[in-house]
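What follows is a set of notes on a single structure, which appears directly below.
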Amino acid sequence: MRASIAVALLLLATTAAADERVINRFQATAMRGPAKRVIIDIPTGDITVRNGQGDRVVVTGTASREPDGPRSRNKEQRIVSASSVEIVGRNEELTIRRKFGADADGFRAQTFTSYEVVIEVPAGLNLDLKTHTGEVTIHGSFGDIDVDLRAGEIDARLPRRDVRELRASCRIGEVRTNIGNEIVEREGIFPGRTRYLNPEGRSFVNLHTTVGEVNVELTK
């Protein structure tokens, strides 16, 4: 009986190990310089943007994959070890994009690698997210913000005094906006757009997902 239990536990442990994701942790840093806008060119993933310290942009995160089994684990590890991000500066823009080495060359290697990224930027910079699917979290003080997901969730917490115009919308899903003295909730198919105007603000904020949720809180 004890031998049977031991064998069962060993099989469970082997299966669990096979199911564990392989991970590569990375970091990239760039000085802000003349940049006025940060473009986040990561098509799919969990993206968090917040204000950092100093006059630089810092990106930390992980690239991960799920092996099909023990035999593919080393191969999948080589792929994620060659997957990271880079920051490219041009004129008044900084672009954060995926970077792949030789072991991650190819459609399958690049398409099925998951990214979880935290981006710290100086206050006041404009944000342009090219992400199509995933979860986007934006907390802090920024310039103009544009997010247009095909599917996923957007969570934004921004100072109310910064926002000149807010547009939050989805085609299928839920839009919840807390503007301080009022909470507006819309859900269903074509639930409509929530719009907020503040003539004393400076930032134009557009948050949209085709399918999913948009949650916005404008703080004092």
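The values are calculated or read from the model by the stated rules, or taken from the named source; none is laboratory data. Everything quoted here is computed from the prediction, not taken from an experiment. With ideal geometry, Cβ positions are generated from the backbone for all residues, glycine too; neighbour counts draw on all protein chains shown.
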Quick check: is even one residue across the stretch 108-128 touching a helix residue (DSSP H, G or I) at 6+ places or on another chain (Cβ under 7 Å) and of a type outside the set (A, V, I, L, M)?
yes
Cβ-Cβ below 6 Å, separation at least six or inter-chain, first residue in the stretch 147-169 and basic (Lys, Arg) and modelled with pLDDT of 95 or more, second surrounded by fewer than 17 Cβ atoms within 10 Å (Cβ to Cβ) and not in a strand (DSSP E or B): which pairs?
ARG150/HIS132; ARG160/GLY180; ARG164/ASN198; ARG164/ARG202
Checking VAL59 against (1) in contact with a strand residue (DSSP E or B) (Cβ under 7 Å, 6 or more places away or on another chain); (2) of a type outside the set (Lys, Arg); (3) more than 30 Å from ALA123 (Cα to Cα): exactly one of these is not met. Which one?
(3)
Has the stretch 106-123 got any residue that is on the phi > 0 side of the Ramachandran plot and surrounded by fewer than 17 Cβ atoms within 10 Å (Cβ to Cβ)?
yes
Applying the selection to the stretch 71-96, what residues are surrounded by 15 or more Cβ atoms within 10 Å (Cβ to Cβ) and either outside the structural domain of MET31 (by TED's automatic domain parsing) or closer than 19 Å to THR29 by Cβ (or both)?
SER83, SER84, VAL85, ILE87, GLY89, GLU93, LEU94, THR95, ILE96
Answer yes or no: is there a residue in the stretch 144-154 that is buried (at least 16 other Cβ atoms within 10 Å of the Cβ) and either among the small types (Gly, Ala, Ser) or in contact with a helix residue (DSSP H, G or I) (Cβ under 8 Å, 6 or more places away or on another chain) (or both).
yes
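Being under 27 Å from VAL57 (Cβ atoms) and touching a residue at least 60 places away in the same chain (Cβ under 8 Å): is that true of VAL117 here?
For VAL117, the condition - under 27 Å from VAL57 (Cβ atoms) and touching a residue at least 60 places away in the same chain (Cβ under 8 Å) - is met.
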